[in-house]
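Student: Have a look at this one before I ask anything.
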Amino acid sequence: MKTQTVFPPGQGSMTGQEIDPLLDLEAEINRLKREKNAVILAHYYQDGEIQDIADFVGDSLDLSRKAAQTDADMIVFCGVRFMAEVANILSPDKKVVLPDAAAGCSLEDSCQPDAYAAFRKKYPNHIAVNYINSSAEVKAMSDYIVTSSNAEHTINSLPKDSPIIFGPDRHLGAYLNRKTGRDMVLWPGTCIVHEQFSAREITRLKDSHPGALVAAHPECPEAILEVSDHIGSTRSILEFATSSKAKEFIVATEQNIIHQMQKISPEKIFYPAPGADGSCNCAQCPFMELNTMEKLYLCMVNEAPYVKLPENLRVAALKPLQRMLEISPPPAKKSVAAAE
Ligand code: 13P
Ligand code: SF4
C-alpha cells in the first residue's frame, strides 16, 4: 500500500480551474517566481516551453543536486512525481509543488513496495541498489540509489565479492551487469518509452542517413544498445550529440531532449528513434507530457499539488540518496546540463 505523499489527496492537477485565455502565462509564471521566491526545475523530457521558462534543466542527478542546494522557498518540479519526492527528501524545509501529481513512471509502477519488500527478503545477504525511478518507500528499503549517470561508478565502488540486487529497470541492470562484470539479480521493470524503440527501424533509418550516429539511453533493451554509437544518461547523450563532429543523430531517448540539442546545435539534424511500425510517437513519455504551462501556472498560484512525505519515510529514504550524492563523481565544469 502506497503512503499518501501528494496533497490534496486523490487530485492529479488542479484542473477544472478556469484560466483567462488572454493571460500571458509566461509573464505570470515569472511574476509568481519572484513573488514566491520559487525555483523551477525541469527535466530534459519536458515540453520545450517548460524547459525554456525553467531556471534549471537537467537529468535526474543534476536535478537532485540542484534540489538539495537551492535557497528558494518553493521548488516547482517539472518532471514526474518520484523526482518531486526526491526534492522533498533532500530539501524538507522547502515547499515542493508539481504541475500534475498523476505524472508517474512505469518503472516506479512496476515495483510496488510490498512486492519489493518480499524480493529484498529473498536475498538477505545482497546489497540493494535501486534506480532513482522508484517510490520513496522502495528507496527507504535500499542501500544505494543510482541514476543512469552514476550507476556504473557506484556499482564499481562496491566490494567485488558482495552480491547485489538491482531494481526496478531490468534493461539498465543488464547493461550494468555487462559493463561491470557483475551478476546482479534484476527486478523485471521496464520504461515504456525506451522499451518501444525498434533496432530494425533504427538500422533502416541509419541506412537512409549513413552519416547519422545513434545515441541511446541505457534504459533501452540490449538490441538497441548494440546498434548505438553512444550510450549514456540524458545529459551524456546531449553532450555527445552537441560536441560530436557528426551532423546527424538518431536519438533513442525521450524526444523532448531534442529541444536542447537544437538550441545548442541549430545546424545539426536530430531524428527521434522510431518504434516497430516506424511511425509511432514511441519517443514520447505520456507521464512527462501531463505537465503543461497552464498546470505549471496553477500549481504556483495554488501551491498545490505538493509533495510532503511522512518524516520517518523521508529520513529512511534520505540515507541511500545521501550516499548517492556523496559517491557520485562531481559534475563536469562546463556541462551542458547547466541550462540556466
Ligand atoms: P536520466 O535523467 O538520469 O537520464 O533518466 C532518464 C529518465 O528516464 C528519467 O525518467
Ligand atoms: Fe518513467 Fe520512462 Fe517516463 Fe522516464 S521516460 S518517467 S523512465 S516512463
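Student: Quote the relative contact order of the chain in percent (integer), defining contacts as alpha-carbon pairs under 8 Å separated by 6+ residues.
Tutor: 25 percent
Student: For a quick check, take a GNM of the chain with Cα springs below 10 Å and name the residue from Glu222, Glu28, Glu18 with the largest mean-square fluctuation.
Tutor: Glu18
Student: So, by mean Cβ neighbours within 10 angstrom, what's the order for 136-147, 253-264, 120-131 with the highest one leading?
Tutor: With the highest mean Cβ count within 10 Å placed first, the list reads 136-147, 253-264, 120-131.
Student: Also: Return the calculated 222 nm mean residue ellipticity for the chain, to the nearest 500 deg cm²/dmol, obtained by summing -39500 (n - 2.57) across DSSP H runs with n ≥ 4 and dividing by the residue count.
Tutor: -11000 deg cm²/dmol
Student: Please report the net charge: other residues with Cβ closer than 15 Å to the Cβ of Ile269, K and R +1, D and E -1.
Tutor: +3
Student: Expressed in nm to one decimal, what extension gain is obtained for the pair Arg323 and Asp114 from 0.36 nm per residue of sequence separation less their Cα-Cα distance?
Tutor: 72.9 nm
Student: May I pose another question? Take Val185 and Asp207, extend 7 Å from each Cα along the Cα→Cβ direction, and tell me the distance between the two endpoints in nm.
Tutor: 4.4 nm
Student: Tell me the label-point distance for the pair Arg31, Asp73, using the 7 Å Cα-to-Cβ offset, in nm and rounded to one decimal.
Tutor: Going by the 7 Å Cα→Cβ label model, 1.8 nm.
Student: Which number gives the lysine pairs in segment 53-178 that have C-alpha atoms under 22 Å apart and are eight or more places apart or on different chains?
Tutor: Lysine pairs satisfying the spacing and distance rule in segment 53-178 number 9.
Student: Which three semi-axes in whole Å describe the equivalent ellipsoid of the chain, each the square root of 5 times a Cα gyration tensor eigenvalue, listed largest first?
Tutor: 29, 27, 18
Student: Of the peptides 107-119, 38-50, how do they stack up when ordered by the mean number of other Cβ atoms within 10 Å, highest first?
Tutor: For the peptides 107-119, 38-50, the packing ranking is 38-50, 107-119.
Every read-out reported here was derived from the displayed coordinates using simple, explicitly stated rules and does not represent laboratory data. Everything numeric here is computed off the predicted structure, so don't read it as measured data. Note that each Cβ is placed from the backbone with ideal geometry, even for glycine, and that neighbours are counted across all protein chains shown.
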